[in-house]
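Asker: Take this structure, written in structure tokens, and hold onto it; I'll ask about it next.
The values are calculated or read from the model by the stated rules, or taken from the named source; none is laboratory data. These figures come from a predicted structure and were not determined experimentally. Note that we place each Cβ from the backbone using ideal geometry, even for glycine, and neighbour counts take in every protein chain shown.
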Amino acid sequence: MFFATLALALSSCARPDWGDTLQDETAIGSGRQLLTTMAAADEQCPLCRDSDVKVNLKSPLKNAAASGYLLFRRPSWIKFVSSNPFGQPILLATSDGARFQQLLIPQMTYLHGQVFSYLAHNDLPLALALGNWETWLTGGVGQVKVDAVEIRPDRKNRGLWFTWPILHINEARGVTTNDLREHILVDADRRLLLARVISEGGGKTIIRFDYRTHQGDDLCPQPVEITISGLNSGAVITLSFSSTQTPAECPEDLFRLKKPENFQEFYMP
């Protein structure tokens, strides 16, 4: 499924791309104003986008490729449909960020449950369930308390790195996470997000997104290619987007699947 592809994993001990935290108040103020402007622009972007997407996976164990249709809606609704050459769906996967559903048509199976359970079952970091996937896939800034960010220069002079803690509390499961940090690299001149890194205590990278080339208007550009790395298996995933559009309608019902008759059901509580 689409989320399994995205959740294959890397471990990194490499030197971070950012330098020391800025101390100059003028530079800090300028950086925070830039981030405030970009966050405000994100709020004006369309609620939904859809796109054709190609997924390529390269890892020490295997290489794989898939293509399909991707629909995403703020904050974390996602729907992925992969079809055969005759246009018949063979895989459908959806999530609202907390729960997921998956239909494998050839196998006649219906899998659903909580994203946390899926990640735990596959020995994947729970942090992958804490992000805003619409923001991650559109290269947006997302929700951030600007006054709480740390600002650092990029070691390759590509722009500024903004860092803030991720605090997540899942009352139903008693999961509290406060040692995660999100880092974004912004090209200040073009006001474009170039990279995003999620790290845990000690600076270990959990997942990294590199955004290459953008299409669309200046206010809400869509990355044409996203490279995902930093996962434990040494895998590198490339997402290539094309024909990105704004759907006229995007109701939540589009992200809900119904189990067909005669399909075998599997549930992850």
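Asker: Looking at the range 237-269, which of the residues that are surrounded by fewer than 18 Cβ atoms within 10 Å (Cβ to Cβ) and β-branched (Val, Ile, Thr) is nearest to Asp187 (Cα to Cα)?
Answerer: Going through the qualifying residues, I end up with Thr238.
Asker: Take residues that are closer than 21 Å to Arg158 by Cβ and modelled with pLDDT of 95 or more and tell me which of the strands (runs of 3 or more DSSP E) falling wholly in the range 195-269 contain 1 or more.
Answerer: Ranges flagged: 205-215, 222-229, 236-245.
Asker: Also, I was wondering about something else. If I filter the range 68-88 down to residues being over 21 Å from Gly131 (Cα atoms) and modelled with pLDDT under 95, which single residue comes out as farthest from the chain's Cα centre (by Cα)?
Answerer: Checked the range 68-88; the qualifying residue farthest from the chain's Cα centre (by Cα) is Phe86.
Asker: One residue is enough: does the range 136-148 have a residue meeting the conditions buried (at least 20 other Cβ atoms within 10 Å of the Cβ), at pLDDT 90 or above, in contact with a helix residue (DSSP H, G or I) (Cβ under 7 Å, 6 or more places away or on another chain) and small (Gly, Ala, Ser)?
Answerer: Yes; the residues of the range 136-148 include at least one that is buried (at least 20 other Cβ atoms within 10 Å of the Cβ), at pLDDT 90 or above, in contact with a helix residue (DSSP H, G or I) (Cβ under 7 Å, 6 or more places away or on another chain) and small (Gly, Ala, Ser).
Asker: Restricting attention to the range 154-174, which residues are out of contact with any His (no Cβ under 9 Å at 6 or more places or on another chain), in a strand (DSSP E or B) and modelled with pLDDT of 55 or more?
Answerer: Listed by number, the residues that qualify are Asp154, Leu160, Pro165, Ile166, Leu167, His168.
Asker: Here is a follow-up. Among the residues of the range 2-35, write down those that are modelled with pLDDT of 50 or more, under 30 Å from Arg99 (Cα atoms) and of a type in the set (A, V, I, L, M).
Answerer: Selection gives nothing.
Asker: I would also like to ask the following. Within the range 120-159, track down each residue that is under 16 Å from Leu231 (Cα atoms), in contact with a Phe, Trp or Tyr (Cβ under 9 Å, 6 or more places away or on another chain) and touching a residue at least 40 places away in the same chain (Cβ under 8 Å).
Answerer: Leu124, Leu126, Leu128, Trp136
Asker: Still on this structure: Find all pairs meeting these conditions: Cβ atoms under 9 angstrom apart; at least six residues apart or on different chains; first residue within the range 253-264 and more than 15 Å from Gln107 (Cβ to Cβ); second residue part of a loop (DSSP other than H, G, I, E, B).
Answerer: Pairs found: Leu254/Pro247; Phe255/Asp96; Arg256/Asp96.
Asker: Right, another one. Looking at Ile184, is it within 29 Å of Cys48 (Cβ to Cβ), surrounded by 18 or more Cβ atoms within 10 Å (Cβ to Cβ), at pLDDT below 95 and of a type outside the set (Phe, Trp, Tyr)?
Answerer: no
Asker: Tell me which residues, restricted to the range 28-67, are assigned to a helix (DSSP H, G or I) and among the basic types (Lys, Arg).
Answerer: Arg32
Asker: Looking at this structure, is Gly216 surrounded by 15 or more Cβ atoms within 10 Å (Cβ to Cβ) and within 14 Å of the chain's Cα centre (by Cα)?
Answerer: no
Asker: Does Ile151 satisfy the condition of being at pLDDT 70 or above, among the aliphatic types (A, V, I, L, M), more than 17 Å from the chain's Cα centre (by Cα) and crowded, with 18+ Cβ neighbours inside 10 Å?
Answerer: Against the criterion (at pLDDT 70 or above, among the aliphatic types (A, V, I, L, M), more than 17 Å from the chain's Cα centre (by Cα) and crowded, with 18+ Cβ neighbours inside 10 Å), Ile151 qualifies.
Asker: Exactly one condition in (1) among the hydroxyl-bearing types (Ser, Thr, Tyr); (2) crowded, with 16+ Cβ neighbours inside 10 Å; (3) modelled with pLDDT under 95; (4) farther than 19 Å from Val144 by Cα is false for Thr177; which is it?
Answerer: (4) is the only condition that Thr177 fails.
Asker: Before we move on, is Asn122 modelled with pLDDT under 95, of a type in the set (S, T, N, Q) and in contact with a Gly (Cβ under 9 Å, 6 or more places away or on another chain)?
Answerer: no
Asker: Right, Leu128: within 17 Å of Ile78 (Cβ to Cβ), at pLDDT 90 or above and in a helix (DSSP H, G or I) or not?
Answerer: no
Asker: Take the range 96-111 and flag every residue that is touching a Ser or Thr at 6+ places or on another chain (Cβ under 9 Å) and at pLDDT 95 or above.
Answerer: Phe100, Gln101, Gln102, Leu103
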